[in-house]
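The values are calculated or read from the model by the stated rules, or taken from the named source; none is laboratory data. Since this is a predicted model, take the numbers as computed values, not measurements. Cβ: placed from backbone, ideal geometry, glycine included. Neighbour counts: every protein chain shown.
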Amino acid sequence: MMKRVIVGALSFLLAIPMMIPITVNAADLTYGQILDDLAKAEKELEENNQSITNTEGEIKNDNAKIKSLQNEIEEMSKEATKLQQEIAEANIEIEEKKEQTKDLIVYLQMSQGENIYLEYVFGGDSITDLVYRLSIVEQITEYNENMVKELEDLIDKNEKRKVELAKKEEDYENKIVALNQEIERLNNSVSKLGELSPNLESEVKSKKELVAYYKAQGCSNRGDVIGRDCAVTTSSNATFSRPITTGYVTSFIGYRWGSLHRGIDIGSPNGRNTPLYSIGNGTVTKIWSDNYGALCINIRYKTTTGQYYTAIYCHLSRYASGVKVGSEVNTNTIVGYMGDTGHAYGVHLHLEVWPCRYGEDSNCSGWNQYVSFVNRKFNEGFRGAESVINFPSKTYQYWYSR
């Protein structure tokens, strides 16, 4: 039977683009979709790296703002010191001017009083000289008073400027605190983006490998359907189809905990209720549940060579409607849905496929005979479902067609 061999990566998630060049079934995967998924992953990585660059740029700008504000605060501190010095000097000069004015006023009062002629008697040459001297005293007094007023205005102006500088410095300090908080937030963002980068890089790498694989398998046109137009192979062990469209192997057949694990365990990104298809053309022979409550179904198949096989599906969440003992099934028949009934560590399908008619052939007429037969066949080299269905060689490698 012609089978579709699909090898994927765990991180690859199926993405359906808005437009597809050709009409295909919803279950089919095209080479164009794989290319689009790679492009999407590359864009996410590029955007993440750009976000890191932009955020680091914001941090750099904020640090520059902090430096500028600190420089301005330093200059304002110098200006405040200078203003304080000017205020102190003005206060000293005011006191000096006040003392000078006080002395001049005393002299003026004495000169205009009953001793008005003292200056004339003891120093002036004439009345004119005395009047001149009194005028000079009045002018100096007025000058000193104006100087005091100007100095007081200067002090008032400087004090107001000091208050302005103090308020401005406080505002700048608050801005610095806010900028430092913003830098901390941005650094956290860079850290988170940086943690995301390795995952995105790994995803891009795996998707590139997937594209390269399909290209090597002959996929070239966007409309090529994987498994139909390319990546198709004929294999001697591909007797049956896979039971689900999109999935991966979680555990292979083999000995564990002292006994043989007779089936292959299959998972799906769609989780619970993933449709389970018949792996070939056959007949439902048994619908049952085991001692742990796992829902199971047995289906008998006969190949073109006349070989009979029994497939056992277990851990179903429920059986498909209309499926009963005696039902004829084919590869398009849904027989049940994936689940975790019974003794199961998560949602999955346990699938056993062995070359006998369970309940009919003498070598597997009952459960004990069946177990013995399976152990014997495994020791002879037959690996059940793995020998008749194409599965990836490693766990958690995706396939996207049956």
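Quick check on my filter: what residues within region 329-351 are in contact with a Pro (Cβ under 7 Å, 6 or more places away or on another chain) and hydroxyl-bearing (Ser, Thr, Tyr)?
The first filter runs over region 329-351 and keeps only residues in contact with a Pro (Cβ under 7 Å, 6 or more places away or on another chain), leaving 334, 337, 349, 351.
Within region 329-351, just Tyr337 meets the criteria.
For region 186-290, which strands (runs of 3 or more DSSP E) that fit wholly inside it have 1 or more residues that are buried (at least 18 other Cβ atoms within 10 Å of the Cβ), charged (D, E, K, R) and modelled with pLDDT of 85 or more?
Answer list for region 186-290: 264-267.
Would you mind stating whether Ser393 is of a type outside the set (A, V, I, L, M, F, W, C), closer than 12 Å to Phe252 by Cβ and not in a loop (DSSP other than H, G, I, E, B)? Full working, then the answer.
Numbers: of a type outside the set (A, V, I, L, M, F, W, C): yes; closer than 12 Å to Phe252 by Cβ: yes; not in a loop (DSSP other than H, G, I, E, B): no.
In short, no.
Looking for whichever is more than 26 Å from Asp36 (Cβ to Cβ), of a type in the set (Gly, Ala, Ser) and touching a Lys or Arg at 6+ places or on another chain (Cβ under 7 Å) here; the options are Ser241, Ser278, Ser289, Ser191. Which one fits? Write out each step before concluding.
Values: Ser278 fails: touching a Lys or Arg at 6+ places or on another chain (Cβ under 7 Å); Ser289 fails: touching a Lys or Arg at 6+ places or on another chain (Cβ under 7 Å); Ser191 fails: touching a Lys or Arg at 6+ places or on another chain (Cβ under 7 Å).
Every option except Ser241 fails the conditions.
So which residues in region 279-289 are farther than 18 Å from Ala385 by Cβ and under 45 Å from the mean Cα position of the chain (by Cα), if there are any at all?
Once the filter is applied, which keeps residues that are farther than 18 Å from Ala385 by Cβ and under 45 Å from the mean Cα position of the chain (by Cα), region 279-289 yields only Ser289.
Let me confirm something: among Ser387, Ser365, which residue is among the small types (Gly, Ala, Ser) and more than 18 Å from Asn298 (Cα to Cα)? Give the derivation first.
Numbers: Ser365 fails: more than 18 Å from Asn298 (Cα to Cα).
Result: Ser387 is the single residue among Ser387, Ser365 that is among the small types (Gly, Ala, Ser) and more than 18 Å from Asn298 (Cα to Cα).
Criterion first (modelled with pLDDT of 75 or more, surrounded by 12 or more Cβ atoms within 10 Å (Cβ to Cβ) and assigned by TED's automatic domain parsing to the domain that holds Glu86) does Lys157 satisfy it? Full working, then the answer.
On the way: modelled with pLDDT of 75 or more: yes; surrounded by 12 or more Cβ atoms within 10 Å (Cβ to Cβ): yes; assigned by TED's automatic domain parsing to the domain that holds Glu86: yes.
It is true that Lys157 is modelled with pLDDT of 75 or more, surrounded by 12 or more Cβ atoms within 10 Å (Cβ to Cβ) and assigned by TED's automatic domain parsing to the domain that holds Glu86.
Quick check on region 339-354. Is at least one of its residues touching a residue at least 24 places away in the same chain (Cβ under 8 Å), in a helix (DSSP H, G or I) and loosely packed, with under 15 Cβ neighbours inside 10 Å?
First, pick out the residues of region 339-354 that are touching a residue at least 24 places away in the same chain (Cβ under 8 Å): 339-344, 346-354.
After this cut, where a residue has to be in a helix (DSSP H, G or I) as well, the list is none.
Within region 339-354 (the criterion being touching a residue at least 24 places away in the same chain (Cβ under 8 Å), in a helix (DSSP H, G or I) and loosely packed, with under 15 Cβ neighbours inside 10 Å), the answer is no, since none of the residues qualifies.
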